[in-house]
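First up is the structure itself, then whatever we jot down about it.
Read the figures in this text as sums done on the coordinates, not as results from a lab. Keep in mind that this is a model prediction, so the values were computed, not measured. Neighbour counts are summed over all protein chains in view; Cβ atoms, including those assigned to glycine, are modelled from backbone coordinates with ideal geometry.
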Amino acid sequence: MPSSAENTAILVIGIGNEYASDDAAGLLVARRLKQAGRADFAIREESGEGAALIEAWKSAARVIVIDAVRSGGDPGGLHRLDASGAPLPAESFRGSTHAFGLYEAVELARSLGDLPQRMIVFGVEGQNFAAGRSVSPAVEHAIDSVARAVLEEIKKLGNEQVEKCMSSH
Amino acid sequence: MKTRTVKVDYLARVEGEGGLYVKIRDGSVTDVKLKIFEPPRFFEAFLRGRDYRETPDITARICGICPVAYQMSAVHAMEYALGVKVEGQLRALRRLLYCGEWIESHTLHIYMLHAPDFLGYPDAIQMAKDHSAAVQRGLQLKKAGNEIVSLLGGREIHPINVRVGGFYKTPSKRELMALAERLKWARDAALETVRWVAGFSFPDFRVDYLLVALRHPSEYPFNEGHIVSNRGLDISVKSYEDYFVEEHVEYSSALHSFLKGQEAYLAGPLARFNLNFDRLPAPVQQAAREAGLNETCRNPFQSIIVRSVEVLYACEEALRIISEYEEPESAAVEAPVRAGTGFGCTEAPRGLLYHRYRIDEDGTILDAKIVPPTSQNQKSIEADLRRFVSQHIDLPDDAMQWQCEQAVRNYDPCISCSTHFLKLTADRV
């Protein structure tokens, strides 16, 4: 059973396939965040297979997901999507190799009443999703700034929690 | 002249990107195409020049859904080339790993991708609103498979613990016993799954397929056996390319396979089940009979029942292997390198997965060939669509499209995998 510590921690999930070029973006951000060595959030890497995602975030109340997207924007561009209250744009997440991927996992969890209370998705615009390990320069270049944006988000989510605790007293 | 078309630009609930096209003229089907438009990926070329020991890791990356199948076909082919045979507990552990992948892959398809077709929902998300207990059961059952793959494969995604000759590390008896508890629950859940899907309604549709699967003297096939058919084919894996050929069609970026001198053939759960019913343990046979399958099933829409029977088998087999497990003295059989050609064929969740490699005396790969199950089944998918539409020509457009899509999903096609191996040929100007 999930402990209360797990329930209150922030979980960061980097999604990707490091053998599908820019699809690795989420994993690269997760690894960059690991280097920060912070104890106030947990980091996981996932392939993006939906059932495994639902399992991964099951015991977390606040989740930040980073995944590559393909929505026609500039490579390396960053999208911040709040999935807590509204569905993700399904079309953007078709870069995934999974028929049952992040979009489906979020919406299925919502249907089942199992969606974490806060679910923020950072989409990194990819350019090349072909097999291989070379990441486009624009995406590579964006990794640091995406990692910084995630850290900012963690700070915001942390404050939300504080506000909630204070208001409940 | 009256022309009608069924056209789906982007098939939902299949792995990868494909579409379908059916043209009906004056009440007859005149054209059927399963369109696979994902760009081809050149893994075979990528393997050339690499060390033979890298094949399980490289090929595992080809598919996020069935990495174990790729690893298994790869290591068996390499062991063939090197003249070694992996037996005893190491062989049993490979079967156990395969059980995990079948549970994961089949359960995902049954619950998340295929069941919505039968229950009248556009997807599992909508279905979960009315069938949440079933969906939760599916998620937990799939997790039992994940746990086997994580423990034996070294991690959940792209398992890394498999090597030519065996494993890098074998589990302790205690670690496996810990899995057994969840697997007992999974076996019950799998039986419930068989009963659940047996209650669905199935279109009246039967096909006299040419069925092709592995067959082993005593086991339901995973890793080993002859390639057999229901029309007398019985060949060793080594002879695969003498009998099966691939061809390029302009509207698909995956090669179409066929048996020389004959047309389409069917690989996958339906073929395995029909050709190997007698190799299933009695309780699994009984569950299949109670689900209305008897010893044969020729209705592709009932493949969802066959998959659930195979999940039940995988749970039973995993429990048997765990109960008989003794920790091996060594995690792998040493396999000194030598020049040669090796052939491997195993039963991926979706059917036969054939690998062939040629290596030199240093173990460098000179040549590789991989034939995934979905490319083998493309012709059968099209033949099913042609027959189905012909027999149900009076269906209104929306029902026709729905059931055509469902007919494709009967195969659990992995379009991403099917395209990985198209060779760049000279027909581009």
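Annotations
- Helices assigned as whole DSSP H runs in chain B whose Cα atoms extend at least 24 Å along their own long axis and whose mean Kyte-Doolittle hydropathy is -1.0 or higher are found at B:88-107, B:132-153, B:173-198, B:303-323.
- Taking a ≥ b ≥ c as the square roots of the eigenvalues of the alpha carbon gyration tensor, the protein assembly as shown is rounded, as a/c is under 1.5.
- From phi via Karplus (6.51, -1.76, 1.60), per-residue ³J(HN,Hα) for the stretch B:349-357 in Hz, x at Gly/Pro: x, 8, x, 3, 10, 9, 10, 9, 10
- In degrees, nearest ten, helix A:25-35 long axis to first principal axis of chain A (Cα): 50
- The modelled label-to-label distance for the pair B:SER239/B:ASP278, using points 7 Å beyond Cα in the direction of Cβ, is 2.0 nm.
- Relative contact order of chain A: 30 percent, from C-alpha pairs under 8 Å at least 6 residues apart in sequence.
- With the alpha-carbon atoms of the stretch A:1-132 aligned to their principal axes, the span from lowest to highest coordinate is 41, 35, 21 Å, starting with the largest.
- Near B:MET400, once Lys and Arg are set to +1 and Asp and Glu to -1 for all other residues with Cβ below 12 Å from its Cβ, the sum equals -2.
- Of B:ILE305, B:ILE58, B:ILE125, the one that fluctuates the most in a GNM where chain B has Cα springs shorter than 10 Å: B:ILE125
- Shielding by partners - mean other protein chain Cβ count within 10 Å, residues of B:119-128: 4
- Take each residue of peptide B:57-70, count the partner chain Cβ atoms within 10 Å of its Cβ, and average: the result is 2.
- Residue pairs exceeding 22 angstrom between C-alpha atoms, taken from B:LYS2/B:LYS33; B:LYS85/B:LYS238; B:LYS2/B:LYS35; B:LYS260/B:LYS369: B:LYS2/B:LYS35.
- Descending Cα extents along the principal axes, the stretch B:138-221, whole Å: 49, 30, 27
- Relative to the longest principal axis of the Cα atoms of chain A, the long axis of helix A:102-112 lies at roughly 30 degrees.
- Each principal axis of the Cα atoms in the stretch A:64-114 has its own extent, and those three values, largest first, are 35, 22, 16 angstrom.
- Choice from B:ALA133, B:ALA331, B:ALA339 with maximal GNM fluctuation in chain B (Cα, 10 Å cutoff): B:ALA133
- Only Cα pairs under 8 Å and 6+ residues apart enter the sum, and on that basis the relative contact order of chain B stands at 27 percent.
- Ellipsoid semi-axes for the stretch B:286-429, based on the Cα gyration tensor and the rule √(5λ), read 37, 28, 10 Å when sorted largest first.
- Comparing B:ASP188, B:ASP208, B:ASP394 in a Gaussian network model of chain B (Cα springs below 10 Å), the most mobile by mean-square fluctuation is B:ASP208.
- Remark: relative contact order (the stretch B:125-173) = 18 percent; criterion is Cα-Cα distance under 8 angstrom and separation of 6 or more residues.
- Computed [θ] at 222 nm, helices only, for the protein assembly as shown once each DSSP H run of length n ≥ 4 contributes -39500 (n - 2.57): -13500 deg cm²/dmol
- Extended-chain gain in nm, criterion 0.36 nm per residue less alpha-carbon gap, B:ASP9 and B:GLU87: 23.3 nm
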